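Report on the structure given below.
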């Protein structure tokens, strides 16, 4: 009986994560002519939306995907408290990366994890943005987006451990516990897996068209 709220938080978080932000934006902007899974890098995420649909459409996708992670964490906390927030946040990243409605083929999950961090670890959020900006500014970022993302993820997990062990305040987020770094590690693992699998799962025509110019995309 006591596990039900946690299961509900995870399930609802996953379903929120599956919301097809990029698909809906692409359909609206292109009048149904463009499928981001078969255009550009083949990833239904922010950078591919920017490259294929333009900066405005990419911005909408970014805000929408961040919103998914944030909303899932808020709903999870309402259902099952602080642990529910972490469960639902990580589940939303999983839902974004592996949505049941699209053959479990989704985006990279970075934006959804930003929303998760904003709600569950707001004290660290400015540091997260700074780390992300620093790695993005490096000349090799476009060729090493996976490495840059993993650096940000490792810092996120390490920050969670420090805040938990030190008992530092967490602004509007839940009091730091072991669930904080665990959730960050789970989301980071899902993102890493999606980066690795994403390249292998691209259609042959997309790989051929973009292999020489494609950055890994978030």
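Any read-out appearing in this document is the output of simple, stated calculations on the displayed coordinates, not a laboratory observation. Note that the structure is a prediction, hence the values are computed from the model and not measured. Because the Cβ atoms are built from the backbone with ideal geometry, glycine has one as well, and the counts that use them run over all protein chains shown.
Numbers below:
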read-out	value
C-alpha long axis of helix 179-201 to longest principal axis of the chain, angle in °	10
Contour excess over end-to-end distance, with Cα ends at residue 78 and residue 55 and 0.36 nm allotted per residue	4.8 nm
Crossing angle, helix 21-30 versus the chain [Cα axis fit, 0-90 degrees, rounded to tens]	30
Relative compactness, the chain, computed as alpha-carbon Rg over 2.2 N^0.38 Å	0.99
Gain on full stretching of the segment that runs from residue 166 to residue 127 - 0.36 nm per residue minus C-alpha separation	12.4 nm
Rounded to 10°, Cα long-axis angle of helix 145-166 versus longest principal axis of the chain	10
Within a Gaussian network of the chain (alpha carbon springs, distance under 10 Å), most fluctuating of 86, 38, 96	38
Spacing of the two label points (7 Å from each Cα toward its C-beta) at residue 63 and residue 35, in nm	2.8
The chain - percent relative contact order, Cα under 8 Å, separation 6 or more	24
Helix-only CD estimate at 222 nm, as mean residue ellipticity for the chain, using -39500 (n - 2.57) per DSSP H run (n ≥ 4)	-23000 deg cm²/dmol
